[in-house]
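Please treat every number below as a calculation from the coordinates, not as lab data. Every value quoted in this text rests on a predicted model; they were computed, and no experiment measured them. Because the Cβ atoms are built from the backbone with ideal geometry, glycine has one as well, and the counts that use them run over all protein chains shown.
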Amino acid sequence: MPYKNILYFTECFYYLCGWCLYYFAICDTESILFKYIRRLPDNKKKIECNSRIVSSTHAIILSFFSILYLNQTIGYNYWTTFLPICSSFGLFDLSLVTMNYSIFKKGYVPILVHHSLLVFGPLLITPENSHIIAQAFLFEITVPVLDFNWYLYHTNKRDTLAFKINSLASILSFFFFRITNNCYLVTQSFQFNFKIQFGTFAFLCLNIHWFLNLIKLFIRQS
């Protein structure tokens, strides 16, 4: 393995420890978030809820700095310092989902594919293809919206205006940031190597799958 890859995964290990500590802090009954978590049903308030909080935190970090990079507010070298955060989260969340397979088994295969791309995808980044991958990271903007919708649904807020607005926001944001954006990235990927083409196409398949499920859920809840 090249030296830079060893260095990269060493950084990932440190961030992985950070994600674990963050997760355990959320699990603490004295944490600030616990009063909101305890409103959930018992079968949702532990593993799944805590996993979604970590996932939303990762999504905010990754999408925020990718937006800064795409707007040329930060440079390539600074932006790449955040990539181990992405890979370490993918490894952390995939480990958590695997250890709790009985909870996540319905969507395990898509999660496995998605998180494998998160773990190893950043290793393919070069200055030449960095913008297309940074734009792919904008997929993550939808995660906090979807997770908040999940929270409202499981805390019996389905009849509230907030839930209805957020449900619509989930559909629209997913369509714009994941489907439309991903279709554009597939067309742009042909100027790069097969690995980039495969990655963008794999994400498109995942995003279409999740979008169809989201539409079905939205119709059922309406």
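For Leu112 and Phe194, calculate 0.36 nm times their separation in residues minus their Cα-Cα distance, and state this gained length in nm to one decimal.
Roughly 27.4 nm would be gained on extension.
Relative contact order for the chain: what percent, with Cα pairs under 8 Å and sequence separation of 6 or more? Don't skip to the end; give the middle numbers.
Values: 195 pairs, mean separation 45.4, N = 222.
Relative contact order here is 20 percent.
Straight distance only, please: which lysines reach the Cα of Lys164 with their own Cα at less than 30 Å, same-chain residues fewer than 8 apart left out?
Lys35, Lys44, Lys45, Lys46, Lys105, Lys106, Lys216
So if we plug the beta-carbon distance of Lys216 and Leu124 into 1/(1 + (r/R0)^6) with R0 = 30 Å, what FRET efficiency do we get, rounded to 0.05?
The pair Lys216/Leu124 has a calculated efficiency of 0.35.
Near His209, within a Cβ-to-Cβ distance under 13 Å, what is the net charge of the other residues, with Lys and Arg +1 and Asp and Glu -1? Show your work: numbers first, answer last.
Values: positive: Lys106, Arg178, Lys216; negative: none.
My count for the surroundings of His209 gives +3.
Would you please put 149-157, 50-58 in order of how densely packed they are, using the mean number of other Cβ atoms within 10 angstrom per residue and starting with the highest?
Descending mean neighbour count gives 50-58, 149-157.
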